Every structure is written in structure tokens, then in C-alpha cells.
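A quick write-up on the structure given underneath.
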Amino acid sequence: MGENADAGTERFEGISVAEALRQLGTDQSCGLSAAEVRQRAARFGYNEIEEKKQKASLRFLKKFWGITPWMLELIIMLSWYLEKYLNVYIVTALLVFNAVLGFAQEEKASAAVESLRKKLQISSRVLRDGKWQVVQARDLVPGDIVRMRSGDFVPADAKIIGGNVEVDKSALTGESLPVEVLEGGMLYSGSVIRKGESSCLVVSTGLGTYFGKTVRLVQIAKPKMHSEEFTSRIVKVLLAMAGVLIGALVVFSTLRGGFVSVLPLSITLLVSAIPVALPVMFSITMALGSLELARKGVLVTRLSASDDAARMSVLCVDKTGTLTTNKISIADVYAVEGFSSNDVIRYGAMSSNDANQDPLDMAFISAARDAGMLAGYNQRSFTPFNPSTRRTEALVEGSGGPFVVTKGQVPVIASLCGPGCAWEEQVRAKVLDMSGRGYRTIAVARADSAGGCMRLVGIAALYDKPRDDARDLVSSLKELGISTKMLTGDSLPIATEIARQVGLSGSIADMASLNCLVKSDPAGAAEMMRKSDGFAEIYPEDKYRIVKGLQSQGNVVGMTGDGINDAPSLKQAEVGIAVSNATDVAKGAASVVMTEDGLGSILEVVKSGRVIYQRVMTWTLNKIIKTFQIVVFVVAAFLLTGIEIVGTFDMVLLIFLIDFVTLSISTDNVRGSRCPNSWNVGGMMKVATTVGVAAVIESLALLFVGMDYLGLSHDLARLHTFSFDILLISGIFTILVARERGPFWRSRPSRALLVAILGDLAACVVISLVGMPGFHTIPAWDVLAVLGYCSVFSLPVNDFIKTRLTRRTRL
């Protein structure tokens, strides 16, 4: 065998059949010998996709490593130290729940690779030792000669060494129309033979094939987890804020000789700074959003996809099956003199047979049936397409007697009708016009009797028709600030015409031009990727590279698709959307699966994601404000008065009651934005700390009112309850402030949030007036004073500050 035999499929695309046979050391008359097969199997391995997997136990244990697990594990240890065993049990349950959820999602993604592997588990007819035999496709090796027939799944990349076939490459490239491949041409693993028969030389197997590259890309594709990055940044900010202030508290206490006494309070303040409910808030909010989407025919298979959809700035749309129907239709008809457009469709349908379910035949039959053109005609015989004749033919019985109709490629049908006809120039010009618009042209002819002279009836232009709602989708996405880019394996003229019809007004680039720029001018390639509205003539790895390239420019990228060829890019995109008729492989790789026909569900995913974003934003703003207020207030009060105004138990109860309310934010009534969102942590910190400063000043002022005018300075037990009321009631009003980016009265809170707020207020009243272990009662007047004071300052004043700052920071 030649030294270049393992150079890959690309090596064999531009060489002759004889040279390919020479390089692979194959005798065309008898194929490989059994000894050669064994030798090559040892060298190249099986023609299958091997998946390297870690043990399930190790994959599961890794879910306990990372910023979110560390955060929960720290809380467990601190709670254990403080002997708060109920907290230990609850947080441990949350930690395990998050790990199980993440593990399940990861296992689902690996199912996409398993589906791809099963695709290659088929049989093939192969020539070995001079005899044709049937073997498992996994046993094929480079140099084997295989026989491919209509309906066969191409099991490996191969070069045709005899015969012609028509092949469906939609699963590999997305091309909607079958393509004729002649002797010397290439067949790629994953394609399907639609018509014809040929002998082929296997040149690549397993991961060396184009199909194998798709599998490899699915295995390595991994979107950036933006929600985890956001959580990590918030945790660091809050811990840094709390750490500095608690450090000041510890230093001051040490100087006064009371370090041990403030240690429990310091640990509790640290716990209050950790956003323990943030991962839970993310999960609950996204789960509720997913349930709402499920009622609209959308399944979210990776919860973080809802958050990513809110920030999606680019949506890459696979043309075939997403923007188009993936069904061949008649786009235009030209009839020669003496015939009508209806005649072209009618005779084209009569020279078709719906039993074969051929896409071209069905296009004519559907158009004729919809217009009621076939009544009174009976097809007596039918000759299907043959690569040698390149046409179909039928004998039809009509009211005027039998006649013959045929259809096929324009040059073939024109040659049957004879040269020098008057219509030649007009037909040639029309074919050039139709081809320039990306249409495939089919000629139709008729003879008055079997063996009679054929007369050209006309030409039909065929294409994959855009969906009725495709233009509306592109327009609506533009209104939401999302750029749409069409990706297709079809030729540039077809892509350009479809883009025009769906409202993509920008340029459409061919992938070869982009690949050249990537090598010679990376900056120019990035600019082309940014400006172009679509790319034509692409392969699966090209879609994957485009998604990664757009992500490298700072975009959050969505991708829609339906075929195996879309799986790598669906997996890599932050929001991978599989349409309703997608393959199992595509659905397994996607993070969102549409279960109903129509493209409106894509808009629902975006709108739902932006609502979820606003809810998480509300929770985060509230958490930062409350953390700042609690820590600064408690530490400042201690430094100013030398008194611990709240105890450890008070703080734990306060955190529980506030988190009880804030979790109900996941159901709140909010409006999504009209443009892609982004986690503006700097802006959130500016708004939250400014409002937090106001809240601290207000709380300290009310504390001194209580100590000086309500007689609480000499009764520390009652002072603890009073301070608890300040933090809880002001915290409830802070939720109302944080939930709106504008004035708090602009929208009404959800019923669940209102019930939670009223429940917290009721708990505050009961604790203050009735008491409970660790709390002493205070007069109703004191409670009303806190409630009235917060109604005047915590709500309107802080809301005014927030509104002004959110406009400046564009939150």
C-alpha cells in the first residue's frame, strides 16, 4: 500500500481513479485480500466512532468542584461549626441536587455522540479476494471496493470508480437538492444514495471521514457557561466587601480584648454575604421559565440556555429545514410557444411517480394536485430516473388518446427535441436567469405517441421554499437587537436568493473566501464574519468554526438546525435550538428543542430568557444591597456604640426570612428588554452600593432614635428585637425597590411575591409582639415606628436614588 494512503479524504479528491487505486494498493478486479484487510484493520482500526469516557463516578464527583460547589461546601462547614444542623442538612441537599442536575445534563449531551455511532452500524457489499460479500460497515478499511445502490447509506468516504449516482448530502452539508456524482467524484460518509448504482473505493474510515469529523467536533464542543462566571464574580465581590468590614470588626474587638465574643457574629456575617440562594434562584427561575416554554412547545434541555438566550446577540440559522421547508417546490415556470405554464406542471407531474417519494417528482405532483390538473389522465407505465438517461418517462392515457411525457436535465431533454429549434436562445437565456437565482432547472417534453418526435413544453425552476414565517422571524429578531446569519451547504446563488426572500439584506459570503481570509488576514476574516448575513457552501466544521469565531468576538451565539451536520455547532453555541423535525443527534446536541412546527418558538425562547434575566437581576441587586446594609450597619453600630445590636440567631433568622421572600422573585411580573442583556456587574455594584449607603444611614438614624427616644439603650434584649425589625422591614421594602428598573409603582408584584412579603411582615409582627426564644417583645408603637419610617425613607427615597442610577448605568 502506498505511503500516502492514510493522508485523509482530501488527498483523494483531486486525483484520478487510477492514481487512487495505486496509492491504496488495490486491485480493481479482485479487491483486497483477507491478509491485507487484517493488516489495514490493525493500522486504521474499525470504521466506527470510539468515544473515550471517564468513569461515571468520577464525572459525578467533579460536580462537587468549582466556585458554586465551594460556596455551598463553605456554608456547610460554617453551619456545622456554629451547630446550625438544620442549615447543614438543607444546604447539603442543595449541593447534591445541583450535582445530580449537572450530571444528568452532561449525560444527555453525550447521547448525541452515541446516536452518531449507531449511524455507522450497517452492512456493506464489498469485493474481497475476487468475490462480493456482505460485511459490517465497521469492518471496512481504506482500499476496500464497495458497491453502492439506491437507498444505501454511505458508510465511509469513498471515490467512485465506476458508475454514476444521485446522492442526498443534506445530512452532511445541508444541501436540500440531491447532487449527481459522476465517476471520479467523492461520496462522503453520512450521505444517502437516491438514484443509480456505482462501485466505490474506500479512502477514509472512522474518525478520518467527514462524518467522523462531525462526531469529533460534537465531542469537543463546549459553550461558555456565562451564569457560572457571573455567580463567581458576585461571590468574590460580596466576600471581599464582607471580609474588609468583618476584618475591621475583628481588629477593633481584639484591641478591646473581646475577640472571642464577636467570632460567632463575624462568621454569621460572612455567611450572610455568601449568596447561598443564587444558584437555587437561577435553577428555580430557569425551571419555571422552562415549564412556561414547555406549554408553548419548547423544551429546554440545559437550564442555563434560558439565561444565555437573554444575552444572545447573534443567531446563526441553518437554512435547510429552519428558514426553508426542506421540501422541493416549483418556484418559476417558463413555457415555450404553444404551451402554457400549467402544461409544464401537468406534464411534469405525469412523468413522475409518487410511489418513489422522489423530492423532484413530489414537487411536480404536489403542484399539479393542488391546482387540480390531473383529472382525466391515467399513467399507464413509468420509467424511473436512470443515471445513463438522466430523465424519467411515462406513457399517459388522456381524452385524446395515449401520449408520452418526459422530464430531466435541460441539455438532455433539449437534445431529444432536436437542435436548431426556434426556442433554443430563449430557453438558454431563461436557464441562465433561473440558475443565477439559485434555482435548479428541469425541462419537460411531450410526444404525441410512443417513439414520436419530442416537443419541448417548457422549463420549471425548483428550490427549497422559505417557510411562511421565516421573514417575520428575521424581522422580529432584528427588532430585539439580534443579528441573524444564515448558514447553508447550498451554492452561493441559492443562498443569496433565499436570503433575499427572507429579508436578509446584507451580503452572503462563500466559505472558501472566508477560509482564505482566515489564513491570510485574520482581522479581515473577523470583519467578514461580523458583516455578512450568511455563508454558503459550508461543511459541519465550518458551521462550528463560525460559531466559535463569533463567540471570540464577544457575542453570545445561538444556532438553529435540524440535521447531523448541525450537531457540532448546536453543541458549541450557548443557545443551540433544534427544530421540531430535527434528527435525534441534533436534538441531543441542542440545549433547546422545539416540539411544534413554526419558528415563533425561537422568539419565545428569547423573550422568556430576558424575563428570567430581569428576575435574576432583581435578586442580585437586592442581595448586594442587603449584604452591604447588614454588614456595614452591624459593624458601624458596634464601632460607634460598642454594642452587638443583633445576635447570631437573629442574623440566621433574618437571612432565612429574607431568602424566603427573594426566592419568590422567580415568579415576579417583569418586562424583558428590547435589546440583548449583559451582566453589567460594575453597574450593579454602583447602584447597589449607593442604595446600600442610603439604607445604612437610614438604619443608623433609626437605631439612634430607638436608643435615645424609645429607651432601648439600656435594654439590650429589646434593642436586638428592634434592630432585627429595622433590617427585616427595610429589607422587604428594598425588594420592592430592586424589582423595577424604573419607579417601583410601574408594575405590580406577582401574587406569590406579595404573599411572601405579607408573610414576612406578619412574622415580624408576631416575633416583635408575641416573642419567641431569643427574642424579647417590644411595644406595638416601636414596630409601627419602624414600619412608618421605612415607608417614608426605604421605599420612596431609595427608589428615587435607584431610578436615577439605573438610567445612568443602563441596567
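Rounding to the nearest 10 and keeping the result within 0 to 90°, find how far the Cα-based axis of helix 67-81 lies from the longest principal axis of the chain.
30 degrees
If you place +1 on the Cβ of every Lys and Arg, -1 on the Cβ of every Asp and Glu, and leave all else neutral, what size is the dipole of the chain about its Cα centre, to the nearest 20 Debye? Show your work: numbers first, answer last.
Working: 84 positive and 78 negative charges, 210 e Å.
Dipole magnitude for the chain comes out near 1000 debye.
Return the sequence-ordered ³J(HN,Hα) values of the range 123-134 in whole Hz as given by the Karplus equation 6.51 cos²θ - 1.76 cosθ + 1.60 applied to θ = phi - 60°, using x for Gly and Pro.
Result, rounded to whole Hz: 9, 9, 8, 10, 9, 9, 6, x, 10, 7, 9, 9.
Using a cut-off of 16 Å between alpha-carbon atoms, which lysines can reach Lys55, once sequence neighbours fewer than 8 places away in the same chain are excluded?
Cross-link targets: Lys63, Lys108.
Sort the chain into rounded, prolate or oblate with this rule: let a ≥ b ≥ c be the square roots of the eigenvalues of the Cα gyration tensor; rounded if a/c is under 1.5, and if a/c is not under 1.5, prolate when a/b is larger than b/c, oblate otherwise.
Prolate, because a/c is 1.5 or more and a/b exceeds b/c.
Between Leu761 and Glu180, with labels modelled 7 Å along Cα→Cβ, what's the label distance in nm to one decimal, could you check?
Distance between the two pseudo-spin positions: 8.0 nm.
Work out from phi, with θ = phi - 60° and the Karplus expression 6.51 cos²θ - 1.76 cosθ + 1.60, the ³J(HN,Hα) of each residue of the range 591-601, listed in order in whole Hz, and give x for Gly and Pro.
Computed from phi, the couplings for the range 591-601 are 9, 9, 10, 8, 9, 10, 5, x, 9, x, 5 Hz.
Roughly how many nanometres apart are two label points built 7 Å out from the Cα toward the Cβ at Leu784 and Gln28?
If labels sit at Leu784 and Gln28, their model points lie 10.4 nm apart.
Please give the length that would be gained between Asp129 and Leu255 if that part of the chain were fully extended, namely 0.36 nm times their separation in residues minus their C-alpha to C-alpha distance (nm, one decimal).
Numbers: separation 126, 0.36 × 126 = 45.36 nm, distance 9.34 nm.
Separation in residues times 0.36 nm, less the Cα-Cα distance, equals 36.0 nm.
When the accessible area of the chain is split by element with a 1.4 Å probe, what percent falls to carbon and sulfur?
Whole-percent figure for carbon plus sulfur exposure: 58.
Run the reach check for Lys531 against aspartates and glutamates, Cα to Cα strictly under 19 Å, same-chain hits fewer than 8 apart removed. What comes back?
Asp318, Glu479, Glu497, Asp510, Asp521, Asp542
Given a cut-off of 29 Å, name the pairs among Lys213/Lys485; Lys430/Lys465; Lys543/Lys623 whose C-alpha atoms lie farther apart than that in the structure shown.
In this structure, Lys543/Lys623 lie more than 29 Å apart at Cα.
Could you please state, rounded to a whole Å, how far the C-alpha centre of the range 453-484 is from the C-alpha centre of the range 742-779?
For the range 453-484 versus the range 742-779, the Cα centre distance is 57 Å.
Put +1 on the Cβ of every Lys and Arg and -1 on every Asp and Glu Cβ in the range 672-811; which of Ile735, Ser678, Ala717 then has its Cα farthest towards the positive end of the dipole?
Ser678
If you stretched the chain out fully between Tyr46 and Arg751, how much longer would it get, using 0.36 nm times the residue separation minus the C-alpha to C-alpha distance? If you can, show how the numbers build up before the last one.
On the way: separation 705, 0.36 × 705 = 253.80 nm, distance 6.07 nm.
Stretched fully, the Tyr46-Arg751 segment lengthens by 247.7 nm.
Before I look further, what does the chain give for accessible area per residue, probe 1.4 Å, in whole square angstrom?
For the chain, the solvent-accessible area averages 41 Å² per residue.
Using 1/(1 + (r/R0)^6) with R0 = 51 angstrom and r between the beta carbons of Glu13 and Ser399, what's the FRET efficiency to the nearest 0.05?
So the FRET efficiency works out to roughly 0.45.
If contacts are Cα pairs under 8 angstrom and at least 6 residues apart, what is the relative contact order of the chain in percent?
In percent, rounded to a whole number, it is 12.
If you fit an axis through the alpha-carbon atoms of helix 780-792 and take the longest principal axis of the Cα set of the chain, what angle between them do you get, 0 to 90°, nearest 10?
50 degrees
Amide H to amide H under 5 Å from Val167: which residues, 5+ apart in sequence or cross-chain, H placed 1.01 Å off N in plane?
Amide H to amide H, under 5 Å and 5 or more residues apart or across chains, Val167 pairs with Val179, Glu180, Val181, Arg194.
Report the relative contact order of the range 472-575, percent, no decimals, based on alpha-carbon pairs under 8 angstrom and at least 6 residues apart.
Once divided by the residue count of the range 472-575, the mean separation gives 25 percent.
Rounded, prolate or oblate: which fits the range 318-362 when a ≥ b ≥ c are the square roots of the eigenvalues of the alpha-carbon gyration tensor, with rounded for a/c under 1.5 and prolate only if a/b beats b/c?
On the way: a/c = 4.96, a/b = 1.57, b/c = 3.16.
In terms of gyration-tensor shape, oblate.
Can you compute the FRET efficiency between Val705 and Asn581 using 1/(1 + (r/R0)^6), with r the Cβ-Cβ distance and R0 = 56 Å? Round to the nearest 0.05.
Working: r = 68 Å, r/R0 = 1.21.
The pair Val705/Asn581 has a calculated efficiency of 0.25.
Ordering Cys453, Cys30 from largest to smallest accessible area (1.4 angstrom probe), what's the sequence?
Solvent-accessible surface, decreasing: Cys453, Cys30.
For helix 424-436, what angle does its Cα long axis make with the longest principal axis of the chain, in degrees from 0 to 90 and rounded to 10?
20 degrees
Taking the Cα-to-Cβ direction at Ser435 and at Thr667 and moving 7 Å from each Cα, how far apart do the two end points lie in nm?
6.5 nm
The values are calculated or read from the model by the stated rules, or taken from the named source; none is laboratory data. On a predicted model such as this, the values are computed, not experimentally measured, just so you know. Positions of Cβ are backbone-derived with ideal geometry, glycine not excepted, and every protein chain shown enters the neighbour counts. For the accessible areas, the whole protein counts, side chains as well, though only heavy atoms, and no ligand, DNA or RNA atoms are used. Shrake-Rupley method; radii C 1.70, N 1.55, O 1.52, S 1.80 Å.
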